[in-house]
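Written below as structure tokens is the structure these notes are about.
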Amino acid sequence: MPIAPSDALQALSPKRRAALERFREHLSEQFGAQLLAVELVGPALDDPQSTRIPDTVVVLAGDDLDKLRQFARLGRGLARDGVNAPLVLTPELISTSLDTFPLEFIDMQARHRLIHGQDFLSSLQFTPADVRLQCERELKTAAMTMRQRTLHDHAPTSWPAQDIAEHTVRVLRGYLHMHRFPAGTTTRDVVSVAASQLGLGLQAVLAAHGGAASWDDFQGLFRDITALGAAANAW
């Protein structure tokens, strides 16, 4: 029996909605009562009318690799619709991972839409010390990654760093959450509020997040990241 579309799906563009409705129905057919939640997450939610399909989090009552394998076979057609493999979690894994992956969960909490079942993300709580430690680790890792990429051969006009910028936005969101600074859910809101609170420009973070990939953009992002890294120890 088809599942009634959720309000969160109705807010999406028709292409995204159709693909995600099929995805949700396949999950329900495969896992039945084991399927506790399906949530949309990630930067695609910044613009509800974008054709980019959001990432998904699926919460199952327990681990069942046999059923996951069967779902992978059933869901191959979904890949053609642009639906990526979901992040599969269990309630126990969520509750025991908040100190290990606070930035990932804060990011999911800030940008999520429930389309099936129970909302496991809205009520999560985080310890500031855990958040600060991961902020510092992520910024140092980003700087090391950019130094490593500089040593590799690149096309002279292409220095892609969109992935690093997305991780940096996640750090900024964690910083704002840790200090209870109010910010909107979109990337631009987060960067703007964090820049104001930290006294940094951070325009290179926005540029790289939007796909800018010149050498100047790459250098600007590196300067922003190293400035953030120098400040993170005092957060």
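The values are calculated or read from the model by the stated rules, or taken from the named source; none is laboratory data. Nothing here was measured: the structure is a model prediction, and the numbers come from that model. Because the Cβ atoms are built from the backbone with ideal geometry, glycine has one as well, and the counts that use them run over all protein chains shown. Each accessible area value is taken on the protein alone, full model and side chains, heavy atoms only, with ligands, DNA and RNA left out. Shrake-Rupley method; radii C 1.70, N 1.55, O 1.52, S 1.80 Å.
Checking residue 52 against (1) closer than 18 Å to residue 25 by Cα; (2) open to solvent by 20 Å² or more (accessible area, probe 1.4 Å); (3) outside any strand (DSSP E or B), which single condition isn't satisfied?
(1)
Being within 15 Å of the chain's Cα centre (by Cα) and open to solvent by less than 90 Å² (accessible area, probe 1.4 Å) is the filter here, so list the residues in region 136-170 that pass it. Even if it seems obvious, please write down each step before you answer.
Of all residues in region 136-170, those within 15 Å of the chain's Cα centre (by Cα) come to 138, 162-170.
Once the filter is applied, which keeps residues that are within 15 Å of the chain's Cα centre (by Cα) and open to solvent by less than 90 Å² (accessible area, probe 1.4 Å), region 136-170 yields 138, 163, 164, 165, 166, 167, 168, 169, 170.
Could you check residue 73 against (1) assigned to a helix (DSSP H, G or I); (2) at pLDDT below 90; (3) within 21 Å of residue 42 (Cβ to Cβ) and say which number it fails?
(3)
If I ask for residues that are among the polar types (S, T, N, Q) and farther than 15 Å from residue 111 by Cβ, which ones from region 35-84 would you list?
49, 51, 70, 84, listed by residue number.
Go through region 214-230 residue by residue and tally those that are modelled with pLDDT under 95 and either open to solvent by less than 40 Å² (accessible area, probe 1.4 Å) or in a loop (DSSP other than H, G, I, E, B) (or both).
1
Which of (1) open to solvent by less than 70 Å² (accessible area, probe 1.4 Å); (2) in contact with a Pro (Cβ under 9 Å, 6 or more places away or on another chain) does residue 133 not meet, given it meets every other one?
Failed condition: (1).
Which of the residues belonging to region 59-70 are in a helix (DSSP H, G or I) and open to solvent by less than 90 Å² (accessible area, probe 1.4 Å)?
67, 68, 70
I want to confirm something. Restricting to region 151-169 and keeping residues that are free of Cβ contacts under 8 Å to residues at least 12 places away in the same chain and assigned to a helix (DSSP H, G or I), which single residue is nearest to residue 204 (Cα to Cα)?
Only one residue tops the list, namely 163.
Regarding residue 119, is this residue surrounded by fewer than 17 Cβ atoms within 10 Å (Cβ to Cβ), in contact (Cβ under 8 Å) with a residue 60 or more places away in the chain, over 15 Å from the mean Cα position of the chain (by Cα) and in a loop (DSSP other than H, G, I, E, B)?
Working: surrounded by fewer than 17 Cβ atoms within 10 Å (Cβ to Cβ): yes; in contact (Cβ under 8 Å) with a residue 60 or more places away in the chain: yes; over 15 Å from the mean Cα position of the chain (by Cα): yes; in a loop (DSSP other than H, G, I, E, B): yes.
Taking the combined requirement at face value, the residue satisfies it.
Just checking, how many residues over region 194-209 are outside any helix (DSSP H, G or I), surrounded by fewer than 16 Cβ atoms within 10 Å (Cβ to Cβ) and either touching a residue at least 12 places away in the same chain (Cβ under 8 Å) or of a type in the set (Ser, Thr, Tyr) (or both)?
Summing the residues that are outside any helix (DSSP H, G or I), surrounded by fewer than 16 Cβ atoms within 10 Å (Cβ to Cβ) and either touching a residue at least 12 places away in the same chain (Cβ under 8 Å) or of a type in the set (Ser, Thr, Tyr) (or both) in region 194-209 gives 1.
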